[in-house]
Amino acid sequence: MFNFEYYTPTRVVFGKGAADKVGQLVKAQNCKKVLIHYGGGSVKRSGLLDRIKASLSAEGVQYVELGGVVPNPHISLVYKGIELCRQEGVDFILAVGGGSVIDSAKAIGYGLATPGDVWDLYEHVKTATGCMPIGTVLTIAAAGSEMSNSSVITKEEGGVKRAYDDDLSRPRFAVMDPELTMTLPDYQTACGCTDILMHTMERYFTSGGNMEITDSIAEGLMRTVMKNAVILRDEPKNYDARAEVMWAGSLSHNGLTGCGNNGGDWATHMLEHELGGMFDVAHGAGLAAVWGSWARYVMKDCLPRFEKFALNVMGVEPGETPEATALKGIEAMEDFYRSIKMPTNMKELGIAPTPEQVATLARMCAAATGGQIGSAKVLKEADMAAIYKMAL
Ligand code: NZQ
Ligand code: ZN
C-alpha cells in the first residue's frame, strides 16, 4: 500500500431538476460575469442552454456565451475563449456539456490566470500558476472531468492530443442530472461507459501496493457500470441506470479508485490519445480498440491482478492455471465490449493505420511520455508499436 492524498473539492448537485439550481450555484461564487461554454449544438436542441440562461438571469448573473467545442477539443477555440473572456471581463466559466467542453473550459481558465501560451502546459514545458474558477453542468457520463484535475486538448496542427493535470482546475461544482443524458446517441452512451470502466481499470492494473478497500470499491464500480451499460443498451431512457452510470463516472476519475495504488497504469489512455490526435476517434471507442491487445501484452507481468479481475469483476470460472483464468477475464471483457457495440480492434473502430503511421503513433506516444508508460508492465516505444500492431 502506498501513501496517498485524496482531494475532491467539487460540490456535487445530483438528481432530477438539478440544472435549474445553476443560477444559485454560480451566484454563490460572487463573480461579475460568466462565460457559458458548450459544444456543437446538443444543448441547444435539448433546450438545456435556455434553461441555464433562465436560471442565471433569475439570479441576476450576467453572461456571455461561446459554443462550438468539438470532441477532442481544439486549442484554437481555447485561444478564442481566452480572448473573449478578457474583452468581456469574465471571471467564472460555466461548462455545459461533456469532457470536451469541460476540458476546453479548464484550458481557457488556465490561459486567463497563467501568463504565457497555455499550450506550453500541455507540452509540459511549464506548470500553471492559476486557473479561473469553473463550474460544470454535465450532459454525458464519461470522461469524469467534472471532478478530475485533468484536461485534454488537441492542437489541430499535427494532430497532437495532450493532457495536463493540475488540482487548480478542479471544478467548484458539478451539476449532474441523469435526465440530461437521455438525449445521447447510443454510441456515445457506450463510449462513456467504456471510458468509466477504463478509468477504473487504469488504476486497478498496477504492479503492486494495492489496497483491499480500494479494490472492493473499484470492482463494485466496474460490475455496476457493466450491468447498467447493458440495461441502457436495451432501455436508453432508464433513469436509474443513467444515474448509476453518471455517479460511477465521477467516482471512477476523482481519485477514489486509485487511493493507495501509486498512480495507476494509464498505458491504454496514452496509446488512445495518439489515436485521438491522429484519427479523431471517440475517446471511449479508441480505448476499447486497444485495451485487449494491451492486456494480452502485459498480462504475464501483472498476473495476480488479471486473475483477480477475471474472478471478481468478470465472474469467470477459474481456469487450469492463473494464466488461463486471466485470459478468460480478458476475453470476457472483450465480449462485453462487443455486446455494447464497442470495437475490440482498430479495424472495428474504423481506422487502418499504415506501418508508417503505427511507427509515428509509437514515436509520438513515447515523446509525449518521457519515453515510457505503464505500471502493470513498463512499456517503451518498441512495446507501444507492438501493441498498436496487435490492435490493428
Ligand atoms: O458537442 P455536442 O453537440 O454537445 O455533442 C456531444 C459530442 O458530439 C455529444 N453529447 C454530449 N452530451 C450530449 C450529447 N449529445 C446528445 N445529448 C447529450 N446530452 O457527445 C459527443 C461527445 O462529447 P464529449 O464531450 O467529447 O464526450 P466525453 O465526455 O467522452 O469527452 C471526451 C474528451 O474528454 C477527454 C477525452 O480524451 C476526450 O477529448 N478526457 C478527459 C478526461 C479528463 N478531463 O479528466 C479524462 C478522460 O480520460 C479523457 O481523456
Ligand atoms: Zn478516459
For Arg172, are the conditions met, namely being farther than 25 Å from Met342 by Cβ and either open to solvent by 10 Å² or more (accessible area, probe 1.4 Å) or away from ligand 2 (no atom under 15 Å from the Cβ) (or both)?
yes
Residues located in the range 196-220, provided they are under 18 Å from the mean Cα position of the chain (by Cα), open to solvent by less than 10 Å² (accessible area, probe 1.4 Å) and closer than 16 Å to Leu256 by Cβ:
Ile196, Leu197, Met198, His199, Thr200, Met201, Glu202, Tyr204, Ala218
Per the filter on the range 276-296, residues within 10 Å of ligand 1 (Cβ to nearest atom) and over 13 Å from Pro71 (Cβ atoms) are Leu287
Total residues in the range 141-159, condition more than 9 Å from ligand 1 (Cβ to nearest atom) and in a loop (DSSP other than H, G, I, E, B)
4
Condition check for Tyr79: touching a residue at least 24 places away in the same chain (Cβ under 8 Å), closer than 19 Å to Thr114 by Cβ and touching a helix residue (DSSP H, G or I) at 6+ places or on another chain (Cβ under 8 Å):
yes
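Here's the yes/no breakdown for (1) within 16 Å of ligand 2 (Cβ to nearest atom); (2) at pLDDT 95 or above; (3) acidic (Asp, Glu):
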residue	(1), (2), (3)
Arg233	no, yes, no
Lys237	no, yes, no
Asp240	no, yes, yes
Leu275	yes, yes, no
What helices (runs of 4 or more DSSP H), lying completely within the range 160-251, carry at least 1 residues that are in contact with a strand residue (DSSP E or B) (Cβ under 7 Å, 6 or more places away or on another chain) and within 16 Å of ligand 1 (Cβ to nearest atom)?
239-251
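The values are calculated or read from the model by the stated rules, or taken from the named source; none is laboratory data. Everything numeric here is computed off the predicted structure, so don't read it as measured data. Cβ coordinates were reconstructed from backbone atoms using ideal geometry, including for glycine residues, and neighbour counts include every protein chain displayed. Quick note on the areas: whole protein, heavy atoms, side chains included, nothing else; ligands and nucleic acids left out. Shrake-Rupley method; radii C 1.70, N 1.55, O 1.52, S 1.80 Å.
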